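This report concerns only the one structure given below.
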Amino acid sequence: RSRAWRDGADWVRLGASMLQRRVFWIALIIVLAVAGGGYGYYRYVYLPGQEPEEMLMTSQVSRGDLVISVSGTGVLGAGRERELGFETESGEEVAGYLDEVLVEVGDHVGEGDLLATLEDEELQFAALKAYIDLRAAELDLAQATEAATEAELGDAESALENARLALAAAQLRYENAQKSSYDADVRDYQIAVSYHAEHVQELEGNGSSDSALQEAWTARQQAEVAFDEALHQAEMEHLEAWNELDQAQNSVLQAQADLEVVQSGPDAETVMQAELKVDRAELALEEAQKELEAAELRAPFSGTVVDVSAIPGQRVGSSSLITLADLEEPVVQFWVEQSDLSGVAVGNRVEIEFEGLPDQIFDGEVTRIDPALVTVENYLAVQAWASLDLSEGQVDLLGDMNADVEVISAESHDVVLAPVQALREIGDGQYAIFVVAADGEVAMRPVEVGLQDAVNVEIVSGLEA
């Protein structure tokens, strides 16, 4: 019973499986029929009804040049331009009255040519005085550093000996002055004064006559005058002897010091001061000579005189008198929009066309880019400078000529070109282009690309012209 049951169950499962397979094949046939019908409709109904331009656009692969550039405008300027005035090499002003102007606007001058001069009488006198001061300072230094000779040493020793002899004589005279006759006179007159004073008192006490008393007073006064005079003479003799002794002592001390200086050689401090004096005199002479040289205005480089703004007799200084420009190597100052900054770099080639010379294209090179934007006609712009190649021939260019500038940031010549619209990106840095074969079939072909602009792309590999 159970076996029969198992056999029945197997038949049921087998039937169900066969039913499932039949349903799968039927569904598959239906799907294929629908897909085939859709493809047939797309191929034979939808596509023929479309416009050819919407279906497929083609272009011939060619060879040509691809140039990436940005455009700007500019003006022609001098390669070097300098405003000149009277000043030293260190930039210090030399003021004076203009004596002569030797150039005019438009003159071409060489480096070192004389352009103008100042009246230089005062400057010449100052230079001469500075030279004399230097020679005097050098003589003082020579004396300070010169060693003493045997004769100078002997003179110093003799001077000291003479000073000592003079001191001994002064001491003797001073001692004699202490025993002078004036001292005896002083004592005698002092005794006389005392005697007459006592005599006057005696007469007054005895009631002597007025005439006797008057004679006594007169004698006393005369004795006092003689005493005072003798005393003064004695004091003066003592003072003169003392002064002479003091001077003699000072002379000995000075002679000893002079002898020590001669024996010890040049004094270090004296020599140092003399050397400093020479250094200051040398600097003063150098400055005076520089100012005298600066009284001649010379061209610092070869160029053309483009402006003269002073006349002889005018008081002038370092302010601009003559403007000199180097027009042999002109430059172009130009501006591009700030959005085109990436296309401008130092070293990029430029093509320049001047409004005054519309039939000529000049080559050049970007030499400088200013670090900040500038305002040009109320717009912010990049300011740059470009050199100008004039090696092909002489061209008459004028300053401030307007120019159109084309900055070439990249270029490729005689390369395979394809429309940039045909380029398809299939990965990170990987590209492909659909190519139409001779039988009309379209196939995708990987390519390696180079430069590209808004129209064309350079095909490095993968396609041929």
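The values are calculated or read from the model by the stated rules, or taken from the named source; none is laboratory data. These numbers were taken from a predicted model, which means no experiment stands behind them. Reconstructed Cβ throughout: ideal geometry from the backbone, glycine too, with neighbour counts over all protein chains shown. Heavy atoms of the whole protein, side chains included, go into the accessibility calculation; ligands, DNA and RNA do not. Shrake-Rupley method; radii C 1.70, N 1.55, O 1.52, S 1.80 Å.
Scanning segment 371-404 for residues that are among the acidic types (D, E) and either part of a strand (DSSP E or B) or under 17 Å from S71 (Cα atoms) (or both) yields E377, D404.
Could you check segment 85-99 and list, in sequence order, the residues that are within 15 Å of A299 (Cα to Cα) and hydroxyl-bearing (S, T, Y)?
The first filter runs over segment 85-99 and keeps only residues within 15 Å of A299 (Cα to Cα), leaving 85-89.
T88 - this is the single residue of segment 85-99 that is within 15 Å of A299 (Cα to Cα) and hydroxyl-bearing (S, T, Y).
F334 falls short of the stated requirement of being surrounded by fewer than 17 Cβ atoms within 10 Å (Cβ to Cβ) and either farther than 30 Å from S71 by Cα or touching a Gly at 6+ places or on another chain (Cβ under 8 Å) (or both). Scanning segment 127-140 for residues that are crowded, with 18+ Cβ neighbours inside 10 Å and either small (G, A, S) or closer than 27 Å to V308 by Cα (or both) yields A127, A130, A137.
Restricting D453, D396 to residues that are out of contact with any helix residue (DSSP H, G or I) (no Cβ under 9 Å at 6 or more places or on another chain) and acidic (D, E) narrows the list to D396. The condition (being farther than 16 Å from E392 by Cα and not hydrophobic (A, V, I, L, M, F, W, C)) is satisfied by just one residue among G356, G364: G356.
Matching residues to (1) over 30 Å from G462 (Cβ atoms); (2) at pLDDT below 90; (3) out of contact with any Leu (no Cβ under 9 Å at 6 or more places or on another chain); (4) exposed (fewer than 13 other Cβ atoms within 10 Å of the Cβ):
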| residue | (1), (2), (3), (4) |
| --- | --- |
| M18 | yes, yes, yes, yes |
| I26 | yes, yes, yes, yes |
| V61 | no, no, no, no |
| E81 | yes, yes, no, no |
| L123 | yes, yes, no, no |
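Taking the criterion of being open to solvent by 90 Å² or more (accessible area, probe 1.4 Å) and not hydrophobic (A, V, I, L, M, F, W, C), the residues of segment 267-276 that qualify are E269, Q273.
Close contacts from segment 109-126, counting a first residue that is under 15 Å from D99 (Cα atoms) and a second that is open to solvent by 40 Å² or more (accessible area, probe 1.4 Å) and aromatic (F, W, Y), with Cβ to Cβ under 8 Å and a gap of 6+ residues or different chains, come to L118/Y97; E119/Y97.
Please state which one of G49, G106, G38, G77 is of a type outside the set (V, I, T), over 30 Å from E353 (Cβ atoms) and at pLDDT 50 or above.
G49
Selection of segment 421-464 for residues being modelled with pLDDT of 90 or more and under 54 Å from the mean Cα position of the chain (by Cα) yields Q430, E448, V449, G450, L451, V455, N456, V457, E458, I459, V460. Against the conditions (1) part of a helix (DSSP H, G or I); (2) open to solvent by less than 70 Å² (accessible area, probe 1.4 Å); (3) modelled with pLDDT under 85, A288 satisfies every one except (3).
Answer yes or no: is there a residue in segment 157-179 that is charged (D, E, K, R), modelled with pLDDT of 70 or more and outside any helix (DSSP H, G or I). Before you say what the answer is, go through the steps one by one.
Start the filter on segment 157-179 by keeping residues that are charged (D, E, K, R), which leaves 157, 161, 164, 173, 175, 179.
Retained after the next criterion (residues that are modelled with pLDDT of 70 or more): 157, 161, 164, 173, 175.
Right, trim to outside any helix (DSSP H, G or I) and you get none.
No: segment 157-179 contains no residue that is charged (D, E, K, R), modelled with pLDDT of 70 or more and outside any helix (DSSP H, G or I).
In segment 317-329, the residues that are within 20 Å of D396 (Cβ to Cβ) and open to solvent by less than 10 Å² (accessible area, probe 1.4 Å) form Cβ pairs under 7 Å with partners that are in a loop (DSSP other than H, G, I, E, B) and not β-branched (V, I, T), at six or more places apart or across chains, as follows: L324/A299; A325/A78. The residues of segment 351-370 that are more than 32 Å from the chain's Cα centre (by Cα) and not in a loop (DSSP other than H, G, I, E, B), listed by number, are E351, I352, E353, F354, L357, P358, D359, Q360, I361, F362, D363. Of the residues making up segment 226-266, those that are under 60 Å from the mean Cα position of the chain (by Cα) and open to solvent by 80 Å² or more (accessible area, probe 1.4 Å) number 6.
Do the conditions hold for E198, that is, is it among the charged types (D, E, K, R), open to solvent by 90 Å² or more (accessible area, probe 1.4 Å), assigned to a helix (DSSP H, G or I) and at pLDDT 75 or above? No; evaluated as a whole, the condition is false for this residue.
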